[in-house]
Structure formats: structure tokens, C-alpha cells
1. Within the stretch 211-360, what whole-number % of the accessible surface is contributed by carbon and sulfur, with the 1.4 Å probe and all protein chains included in the calculation?
2. Can you give the FRET efficiency for GLN68 and ASP142, using 1/(1 + (r/R0)^6), R0 = 25 Å, r = Cβ-Cβ distance, to the nearest 0.05?
3. Regarding the stretch 244-292, what are the three Cα extents along the principal axes, ordered largest first, in Å?
4. With every protein chain left in place, what is the accessible area per residue of the stretch 137-224 in square angstrom, probe 1.4 Å?
5. As an exercise, identify the trypsin sites (Lys or Arg not before Pro) in the stretch 280-325 lying in DSSP coil whose Cβ has no more than 15 other Cβ atoms within 10 Å.
6. Explain nothing, just compute: Karplus ³J(HN,Hα) = 6.51 cos²θ - 1.76 cosθ + 1.60, θ = phi - 60°, for every residue of the stretch 41-50 in order, whole Hz, x for Gly and Pro.
7. So, R0 is 30 Å and r is the distance between the beta-carbons of GLU287 and SER235; what FRET efficiency does that work out to, to 0.05?
8. Tell me, what ³J(HN,Hα) does each residue in the stretch 343-356 have, in order and in whole Hz, if you take phi through Karplus 6.51 cos²θ - 1.76 cosθ + 1.60 with θ = phi - 60° and put x for Gly and Pro?
Amino acid sequence: MKTNFSRLRRALSTLLLASASAAWSQSWLTGGPYLQEVTPSAATVVFTHSIPSLSWIEVREKGQTDSQAFYQTEHGQIKAYRQIMASSAALPVQNFCVRATGLKPGTPYQYRVRGKRVTAMNAEGATLSPLSADNYASKWYDFSTQDPEEKEHHLLVTSDMHNRPDTLKAILRNLDYNTCNHIIYNGDMENYMQISGSGSEEPYKAFINASCDLFAKNKPFEFVRGNHETRGDISGFVFDYFPRESGKLYNAYRWGDLEVVMLDCGEDKVDDHAEYYGMAAYYPYREEQKRWLEKLIKTEEFCTAKYRIAICHFNVLNAGKRNTEFDGSPHFTELMLPLMKAGNVDLVLTGHTHPKSYVRMEESDDDIVEYNFGNHTGMRIDIAQGKINLKIADSAGNVYLDKVIKDERNGQQLIFLSTE
């Protein structure tokens, strides 16, 4: 009788463990996956989860059964139980950023997320659960690597959503995100990067989940930091959400015959402003970017592009004069505007100022035009056969602008657009 009771107790314990493990497995993937920095030969998959794990991705060419596993590594070590710790947070956020390399250009692929539950971390590494219910596998998701020979470009740019995912979804739909091959968020997509307290506005809730609902599991978005993303208890962990191979938040990408430069403006006030508590050093950071941009505009990659677009959060043309408080934008303009002119940039897309609809501004001496529009709107840019078409629409479906701008780069015209 005692033996039978022991067997029954062991069976019940096993059943309870299996049930708990099944529940853990079902809730394991709590954010994403979403794609970042898809190039002709590589792609990054980002995701977050609710339990400690060793996680990786598997990638295969579409239509094939053989796949290759990729792990997040750092200095030769595979990462497990990847945490983003904020000192004021009760619990850590766990993000994995896994890059698949060695892919073929312009090729359809599929990926899925895999994981095993970690039961302990020790000096020897990770101890993994032996239970089958603690092995996780997502569905397969389609994506394609970038075609380096592409001649048509369909971009959708928006910014300043300030934690309004439903507005973001409406703008994406109204500008037909499905037919765009590049989607760019130009800063201030939330008010703070914050995972603790009543003001929590972490990136998943603010805009990543909304992006995944529509497209981001299959097509990447590009993220340009705004001044509001410099604030909050996880603002220092921005690369855990938006990893960059360069290790920099400012980057340049060559998409076919289009060169896109994404600049990071930093904060809008002077570094010693009381609001930053002595933690800001954006003046030398902007100087660093200036030196980088000086070199970039002389490279073959930049000079041989048929089209050139620069994207940054602060206004450049309408920045105002240098001052002792809101000096971030004027300082940025002082550094970058001469280089944008020297590099014969076709379009500059900016945000930050929140007009109600859009305003057309120009500076006749430099033959510069700026379109500045609101934080409930987005812009679609269609580039094909030497023409650039611009369309501005809001979250209600109202279209404020829809016109063709011919490629006038031969005349050295610099056109400024603002995407609030």
C-alpha cells in the first residue's frame, strides 16, 4: 500500500510539473518577434519572454526543410536568460537579439524562435529543464533579404506617436504599409523608455506590439531615436530593443540605388539643464556624428547613390538661433546642415515640433523647401523612374498632400521635409 501511495504521489508531482511547464511554455514568448536591420546578407530577430531561457532562432530558405540555428553571442559566449535590469523595476525585462548571417541577397526566407527553460545559472553555465513542455518553438515567419539591385523604393515615415499605438496603426493602414518596403519611425514614439511605476511606456506597449500585429514579424522597421527616448529607466538599454551592428544609433544604409542616413539628435535642451540631472553629454556626441558624416559623404557608397535621404528627429531648416536653454536643435543644424548641402542630399525628414496639419516653409537664399506636419500624420515616399511622390495622410484618412516631385539633384536643390 505504501509503495502504491509513493507511486501515486510521484505521478501527481510529475503531472503538476508538466502542467506548470505547459503553462510556462504557452506564455513564454511575450513580445515579438520582430525584424531589425535586414540587409542583403543578414537579419536580426528581437523578442522578449516571461521565463528564464536559452533562446535562439532557426532560419531556412522558403520551401526548404533544412534550417540553421543562430544564437545571441557576446565575446564568444552564447547568451542565456538575457536581462534588461532597471534599478527601479520589480522584475527584469528579458530581450534576445539574434542575428542571422551568411544569407543570400534578395531571397525569401523563414525563421522561427526556439527556446529551452533555464532552471539554474551557475559557474558552469545554464542548467536546462529536461521536460518536453519546457522546449519552445514558435511558428515559422516569412521574410526576405534586401535586394541590392532594387530601383524602386516605397518608404513610410512617421514620428511623435507619444505612446499612441492605435494612432500608429491607423496611419500605417491609411498609407498602405503593405506596399512599402521600408518603414521608419523617426523618434518620440513614446514619452519615456520606462518599465516601472505608473508612467510605464516601454517600447513593446508603445509601438512594437502594434507593429508586430501588422508587419514587423515579416518586415523590419527602422528606428531613429527622438529626445523622449533618451529618458526613462531603460533608456540606456536602447540596443536591447533596436540592435545595430555598428554599435551606433546613427547609421547609413544603401538600399539599392538609395542611400539613407539616420542621425541621432540627442536631447533638445542644453546639457547642463536641471531636467537632465547632470547626465547629458549630447554636445560632444553631436560633434562625433559630424565627424562621421564628413567622412560618409565622401565615400563611394554615398557618392554613387542615385537618391539620398537624411532622417533625424529635430528640425534642421526651422531650428532657430543658438540659445541658453533649447539649444539642441540649433546646435544640430549648425553642425549638419552644411554637410547635408555638401553631400547634395535630396530629402531631409524630421520631426519634433507637432504642427496641427502641415506647413510649407522655404528659404529662398538657399532654395530650400520644408514640409512640416503633425504628430497624427505620416508620409509615404514613392521613388520610381526618376520621380519622387510624396503623400501625407493622418490617422483619420485625410490626405493633406499627394504630389510628384521630380528628381532635381542635378540642379543641386536641397528639399527639406518634416515628418511629425
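The values are calculated or read from the model by the stated rules, or taken from the named source; none is laboratory data. None of the values given here were measured: they were computed from a predicted structure. Glycine also receives a Cβ, built like all others from the backbone with ideal geometry; neighbour counts cover every protein chain displayed. Areas reflect the complete protein model, heavy atoms only, side chains present, ligands, DNA and RNA absent. Shrake-Rupley method; radii C 1.70, N 1.55, O 1.52, S 1.80 Å.
1. Roughly 52 percent, rounded to a whole number.
2. Using R0 = 25 Å, I get an efficiency of 0.95.
3. Reported extents, whole Å, longest axis first: 45, 18, 17.
4. Dividing the accessible area of the stretch 137-224 by its residue count gives 35 Å².
5. LYS298, LYS306, LYS321, ARG322
6. Each residue's phi maps through the Karplus curve to give 10, 7, 7, 10, 10, 10, 7, 10, 8, 9 Hz.
7. In this case the efficiency is close to 0.90.
8. The phi angles translate into x, 6, 5, 7, 9, 10, 10, 10, x, 5, 9, 6, x, 5 Hz.
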